[in-house]
Amino acid sequence: MVGMTTTEFTVGALAELSGVSVRRLHHYDEIGLLVPTARSSAGYRLYSPDDLQRLQRILFYRELGFELAAIATILSDPATTAEEHLQRQHGLLTESIARRRAMLALIERELSARRMGISLTAQERLEVFGGTRLEDHADRAEQQWGGDSEQWSQRQQRTARYTKQDWLALRSEQADIHQRLLDAMCAGIPPDDSTVTDLAEEHRRHLERWHHDCDYSVHRRLAEAYRNNERIGRNFDDMAPGLSRYIHDAIVANCELRRPKI
């Protein structure tokens, strides 16, 4: 038996320092996982700084999902240094974080699909949207209209009914319109030329058919979003720099041409 020194901790002090209950520390002692280095003259457990370090390792491994028996086996290897334990725990924790991030991404995609009213299965969503982030679709639409707007409500109601074939047709039609607008810009055709305003009108009707009511005032508001909002216009400018501005100008020209004069 030894007397207590300033470098030793009673079981109560160790419990307070580590956040582990006294009862659990007693259990660790009983199974030989964390045996205190010494006992006081009265028989009380006394833990050394090395014991504290061992407890920290135990807690790390427990957090990573290891059973107590497995932890005991790992810690019983005298050839494993403190740095090697840290390296192992670092690797395991990195893997755990990666798995959790993947799980979080799946949950976010499911939440985004529900927010958009998409009733497709996970496999069907993959076939339709590929690796595109559904979160971006949902955020973009909600950002455009606001979660309580009529357009947002209509979008959710309509898309909730769409099958995989509907979504494939929608996205194919959308991609075709965007490509023809890009071709017109690359050909140097002014955005107020009739061939381009016809494409802008086709874009408006596409939105009205598939997503929500889209009169000329609504379409013009969308054009402003394409021009002003970096996130919304990014998809166009990823196709070609300046495309978001070109589409904005085409939509504005079409609205001026076609909307009823008051």
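The values are calculated or read from the model by the stated rules, or taken from the named source; none is laboratory data. Since this is a predicted model, take the numbers as computed values, not measurements. Cβ placement follows ideal geometry from the backbone for every residue including glycine, while neighbour counts extend to all protein chains displayed.
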* To do: List every residue pair whose Cβ atoms lie under 7 Å apart, where the two residues are 6 or more positions apart in sequence or sit on different chains, the first residue falls within the stretch 162-173 and is under 14 Å from His206 (Cβ atoms), and the second residue, located anywhere, is surrounded by 15 or more Cβ atoms within 10 Å (Cβ to Cβ).
  => Trp167/Leu120; Trp167/Val128; Leu170/Trp210; Arg171/Val128; Glu173/His206
* Filtering the stretch 205-236 down to residues that are over 26 Å from Tyr162 (Cα atoms) and modelled with pLDDT of 90 or more, which residue is surrounded by the fewest Cβ atoms within 10 Å (Cβ to Cβ)? -> Ser217
* Asked: When you go through (1) part of a loop (DSSP other than H, G, I, E, B); (2) without any contact (Cβ under 8 Å) to a residue 24 or more places away in the chain; (3) closer than 27 Å to Gln87 by Cβ; (4) not acidic (Asp, Glu) one by one for Ala42, which number turns out not to apply?
  -> (3)
* Asked: Being at pLDDT 85 or above, under 25 Å from Glu150 (Cα atoms) and touching a Cys at 6+ places or on another chain (Cβ under 9 Å), is that true of even one residue in the stretch 171-179?
  -> no
* Asked: Quick check: anything in the stretch 193-201 of a type in the set (Ser, Thr, Tyr), surrounded by 18 or more Cβ atoms within 10 Å (Cβ to Cβ) and at pLDDT 95 or above?
  -> yes
* Asked: Does Ala187 qualify as being more than 30 Å from the chain's Cα centre (by Cα) and either at pLDDT 90 or above or more than 28 Å from Arg245 (Cβ to Cβ) (or both)?
  -> yes
* To do: Inspect all residues belonging to the stretch 73-80 and state whether any of them is farther than 26 Å from Val11 by Cβ, in a helix (DSSP H, G or I), without any contact (Cβ under 8 Å) to a residue 24 or more places away in the chain and not assigned by TED's automatic domain parsing to the domain that holds Ala13.
  => no
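Only one of Gln87, Gln53 is touching a residue at least 12 places away in the same chain (Cβ under 8 Å) and assigned to a helix (DSSP H, G or I); which?
Just a single option satisfies the conditions, and that option is Gln53.
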* Asked: Ser194: within 28 Å of Ser153 (Cα to Cα) and not charged (D, E, K, R), yes or no?
  -> no
